[in-house]
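> Encoded as structure tokens, here's the structure I'll be asking about.
The values are calculated or read from the model by the stated rules, or taken from the named source; none is laboratory data. Owing to the predicted nature of the structure, the values given are computational and were not obtained by experimental measurement. Glycine gets a Cβ as well: all are built from the backbone with ideal geometry, and neighbour counts include every protein chain shown. All accessible areas refer to the heavy atoms of the entire protein, side chains included, with ligands and DNA or RNA removed. Shrake-Rupley method; radii C 1.70, N 1.55, O 1.52, S 1.80 Å.
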Amino acid sequence: MSSPIGPTAYVDEAYIQQPGHPGVYLLAAVLVEHDDVKVIAEAARVAARGEPFHATQLHHRGHARHLEDMLDVVSQYASWSIVVAHTPISQGNELARQTAMQRLLKDLHGSRVSDVILDVRGDSAEWDAAAAKGLPMPEINYRDRDTYRSLAAGKQISHRMRLIHRDDRTEPGLWLADVVAWSARRTLAADEPQWFNRVVDATTVYEAATGQLLVLNNEGAAPPDGDRGPHGQAQRGPEAAAQPMFPPPYPAAVVDGQSARMGSFMASVHAQAQQARHPTVDVPSDATARLLGQTAQIAQIAEDIAAIRRAIGAAPPVPTPSSPTPEPETGAVPADLPPDLPHLTPEPPGPELD
């Protein structure tokens, strides 16, 4: 008798990386039961209005309904979602990605996932270079395979769990992972948890290096061993599905490169991650971390006022209030990583993506 086919996991990334910001890398996976793959793909096409879906572009164009509909597809049809967070980003996104990839693959192995579908990466130059070498995809994607093979060789995951790269323009399942990753990023980048709250009741957030549970917003992290979905709107009620579960506690942070200050949710997650990686270090509590985020915003406003006054030759600048800031990590990142992480060459910071 053959074993039942396990769920499929669709995986996509998002990150925040700006000068003066600790940065965060997010890897999101949406699990879909084998019998629901075709159904959820069709639902995703309907939510995307028959066009390729990319959350950041739709948000920039003001298409909030598209985003809400895709998140509701995740809520209604997906069996579970996982977000792995790596913060700070101190030596490039690729190192953070492979750390998060290790954590994610181990968790997907525990969920008996059969196929892991990743969005294929690479710009036009990288695709041209791959074609010149006779490769089916840019070389950067093979780093994911190296991590997978390392874990499989060490018997930390099953070799029967397949790792597959696909183009998100033709794979609707990847749109689900894209919108979950985007909603988590939006919580941390702009203090807007209302998007992520649409899927939070069936989502677990892990710290990449340690696997500790993180609380992304006031709703908390879903239990990792809870019953898998579907967790539809009917379970939360139409009012909860249509409206944010609670308003942002502080003014939203400026994003898209205009400011590097941390918002209250980012400050909280950063403090939790530091505590998970360095449990003996005195890290601010969640409430303190939120206060630090608010204080940082006040300090930035004071700096802006001072700059305006200097520009118009007014009174002396308003002094910037001092605020304690969690010290950034220093030293070699590999000390915080699992011992079997493949060797990677750190990359310079890249442009901010969703």
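> Putting +1 on Lys and Arg Cβ atoms and -1 on Asp and Glu Cβ atoms, find which of Q57, Y10, A47 reaches farthest to the positive end of the dipole of the range 1-88.
After comparing all options, I get Q57.
> Let me spell out the model: positive unit charges on the Cβ of Lys and Arg, negative unit charges on the Cβ of Asp and Glu, origin at the Cα centre of the range 1-127. What dipole size does that give, in debye rounded to 20?
200
> Over the range 93-199, what percent of the accessible surface lies on carbon and sulfur atoms, probe 1.4 Å?
Roughly 46 percent of what the probe reaches on the range 93-199 is carbon or sulfur.
> Same structure, new question: Cα extents of the range 55-123 along the three principal axes, largest first, in whole Å?
Projected onto the principal axes, the Cα atoms of the range 55-123 cover 34, 31, 24 Å.
> Moving on. On the Cα set of the range 1-87, report Rg and Dmax in Å, please.
Rg then Dmax for the range 1-87, in Å: 15.5, 57.
> A follow-up question, please. Calculate the dipole size of the range 70-149 relative to its Cα centre from +1 charges on Lys and Arg beta carbons and -1 charges on Asp and Glu beta carbons; express the result in debye to the nearest 20.
Charge dipole, the range 70-149, about its Cα centre: 360 debye, nearest 20.
> Additional query: Can you tell me the order of 113-123, 7-17, 32-42 when each peptide is scored by its average per-residue count of other Cβ atoms within 10 angstrom, highest first?
Result, highest mean first: 7-17, 113-123, 32-42.
> Which lysines have a Cα less than 27 Å from the Cα of K155, not counting those fewer than 8 places away in the same chain?
K106
> Report the Cα centroid-to-centroid distance between the range 18-36 and the range 60-91 in angstrom, as an integer.
When both Cα centres are located, 8 Å separates them.
> Sort 127-136, 52-61 for me by packing, meaning the mean count of neighbouring Cβ atoms within 10 Å per residue, highest on top.
Ranking the peptides 127-136, 52-61 by packing returns 52-61, 127-136.
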